[in-house]
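Asker: The structure that follows is given in the form of structure tokens.
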Amino acid sequence: MIFDEIGPVRIEELYFPRLGFRAIVVVDSVALGPAIGGVRVSPYVTVDEVVRLARTMTFKNSIAGLSYGGGKAAILVDPRAQRLEEYFRAFARRIKDLDEYIPGPDMGSNEDSMAWIYDETGRAVGLPEELGGLPLDKLGATGYGLSECAETAVAFANLSLQGLRVAIQGFGSVGKATARFLSEKGAVIVAVSDTKGTIYNPEGLSVNELIDVKISTGSVINYPKGTRLLSEELFSVDCEILIPAANPDVIHKDNVEFIKARLILEGANIPVTPDAEEILYKKGILVVPDFVANAGGVIMAAMEYEGRTAQEAFKKISEKIKKNTALILERSKSGHISPRKAAITIARERVLDVGRYRWI
Ligand code: NAD
């Protein structure tokens, strides 16, 4: 567990005896402002994982230049549970007075969940449009940011986006939007996966058809014009850009050697273990870390909290992600350090500089 000069300042484990479920809330840092971070819904999340995810949010908000700290929460139930609204409302009532934490959507939660939390506490981002929200997932804020990140990062690998082959793990909110924006920019999506497996076609997959197949059959593997592979095989397909956009720790020391991509953009949070990231760096494969590459969602959420429009939010996402991707990749190159180390140094400095003036 990380305890250092940044945080975490609060770790709470909650139990709800009447409904029989647990929840976790971690506020990593409030140096830059109240902590914004998603509420993950999964029976398998651990305190340690939430702590690591909260730190990622601290760095993400810091490097994006937002006036928010980092936090994260988890509700330990199956996201398909019948009584989801009851769980969310019970959770929200318990965190009502924890006003240093502003909940947002994450895996297993969505605009409706945020509306329930908002109704109970008066605080949440990622709200439905009817409540003044900018629907992050519908608009594809994070996927848009990843595509802008790709546009900047490919130049550092001496590539250009036109015709580049892309493999994406996960075809949920982030994976889908990333595929859509990247194919609009001329890249070719050759493989995507979900929990059921991978669909692969070296000639390219149609993103619109994939979306239809996922909606109508529940899985991308039913896309007819491609080869079915195992979920895990996505990581070893021939491609230039690999985008993990599902779970933590999916690229690790046992599968990292099979990766053929030249560039990895971390769509998910902490999808690559630290040892695997080090191996990739030594092999010369560029990895844009999560809190730089997938910041589109939180940038839009912060804009929503400040009452801005979707158009303003997209402009801000593009500006910030392009600038930060270039900044960290340049620092990495000139300082002979990994992109993550470069990004952490910049993000950490800002938190500590401002933190000196806070009482915490
Ligand atoms: P989601 O629940 O909408 O989609 C997750 C997708 O991953 C689903 O298609 C699921 O089938 C797939 N998946 C799960 N396990 C898999 C496996 N083992 N192999 C292949 N596919 C698998 O979630 P999301 O909102 O798209 O978030 C994905 C990741 O991105 C998470 O790590 C989340 O923290 C991170 N993230 C999301 C946002 C956002 O705006 N939604 C912002 C930043 C980071």
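The values are calculated or read from the model by the stated rules, or taken from the named source; none is laboratory data. Keep in mind it's a predicted model, so treat the numbers as computed, not measured. Using ideal geometry, Cβ is built from the backbone for each residue, glycine included, and neighbour counts are taken over all protein chains shown. Remember, those area values only see protein heavy atoms, side chains included, never the ligands or the DNA or RNA. Shrake-Rupley method; radii C 1.70, N 1.55, O 1.52, S 1.80 Å.
Asker: Here is a list of conditions, (1) surrounded by fewer than 15 Cβ atoms within 10 Å (Cβ to Cβ); (2) part of a loop (DSSP other than H, G, I, E, B), and ILE270 meets all of them except one; can you say which number that is?
Answerer: Here ILE270 meets the rest and fails (1).
Asker: From the residues in the range 156-181 that are crowded, with 17+ Cβ neighbours inside 10 Å and free of Cβ contacts under 8 Å to residues at least 40 places away in the same chain, which one is farthest from the ligand (Cβ to nearest atom)?
Answerer: LEU161
Asker: Further question: Give me the residue from the range 28-57 that is away from the ligand (no atom under 14 Å from the Cβ) and of a type in the set (Ser, Thr, Tyr) and, out of that set, farthest from VAL292 (Cα to Cα).
Answerer: This residue is THR46.
Asker: Can I ask one more? Which residues, taken from the range 8-32, are without any contact (Cβ under 8 Å) to a residue 60 or more places away in the chain and open to solvent by less than 10 Å² (accessible area, probe 1.4 Å)?
Answerer: Across the range 8-32, the qualifying residues are ILE24, VAL26, ASP28.
Asker: Among the residues of the range 207-221, which ones are without any contact (Cβ under 8 Å) to a residue 24 or more places away in the chain and buried (at least 16 other Cβ atoms within 10 Å of the Cβ)?
Answerer: VAL213
Asker: OK, next. Out of the residues in the range 182-197 that are surrounded by fewer than 21 Cβ atoms within 10 Å (Cβ to Cβ) and of a type in the set (Val, Ile, Thr), state the one that is nearest to the ligand (Cβ to nearest atom).
Answerer: THR195
Asker: Output the number of residues of the range 229-261 satisfying the condition of being more than 13 Å from the ligand (Cβ to nearest atom) and open to solvent by 60 Å² or more (accessible area, probe 1.4 Å).
Answerer: Here the count works out to 6.
Asker: Something else: For the range 283-297, check the following and say yes or no: at least one residue is at pLDDT below 95, crowded, with 20+ Cβ neighbours inside 10 Å and among the aliphatic types (A, V, I, L, M).
Answerer: Checked the range 283-297: no residue is at pLDDT below 95, crowded, with 20+ Cβ neighbours inside 10 Å and among the aliphatic types (A, V, I, L, M).
Asker: On to the next question. So, in the range 35-66, how many residues would count as being out of contact with any Phe, Trp or Tyr (no Cβ under 6 Å at 6 or more places or on another chain), in contact (Cβ under 8 Å) with a residue 60 or more places away in the chain and not hydrophobic (A, V, I, L, M, F, W, C)?
Answerer: Number of matching residues: 9.
Conditions tested, residue by residue: (1) buried (at least 22 other Cβ atoms within 10 Å of the Cβ); (2) hydroxyl-bearing (Ser, Thr, Tyr); (3) more than 13 Å from ARG10 (Cβ to Cβ).
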{"site": "LEU53", "(1), (2), (3)": "yes, no, yes"}
{"site": "ASN61", "(1), (2), (3)": "yes, no, yes"}
{"site": "ALA74", "(1), (2), (3)": "yes, no, yes"}
{"site": "GLU85", "(1), (2), (3)": "no, no, yes"}
{"site": "PHE88", "(1), (2), (3)": "yes, no, yes"}
{"site": "LEU98", "(1), (2), (3)": "no, no, no"}
{"site": "TYR101", "(1), (2), (3)": "yes, yes, no"}
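Asker: Filter the range 304-313 down to the residues that are open to solvent by 10 Å² or more (accessible area, probe 1.4 Å) and not basic (Lys, Arg) and list them by number.
Answerer: Initially, the range 304-313 is screened for residues open to solvent by 10 Å² or more (accessible area, probe 1.4 Å), giving 304-312.
Across the range 304-313, the qualifying residues are GLU304, TYR305, GLU306, GLY307, THR309, ALA310, GLN311, GLU312.
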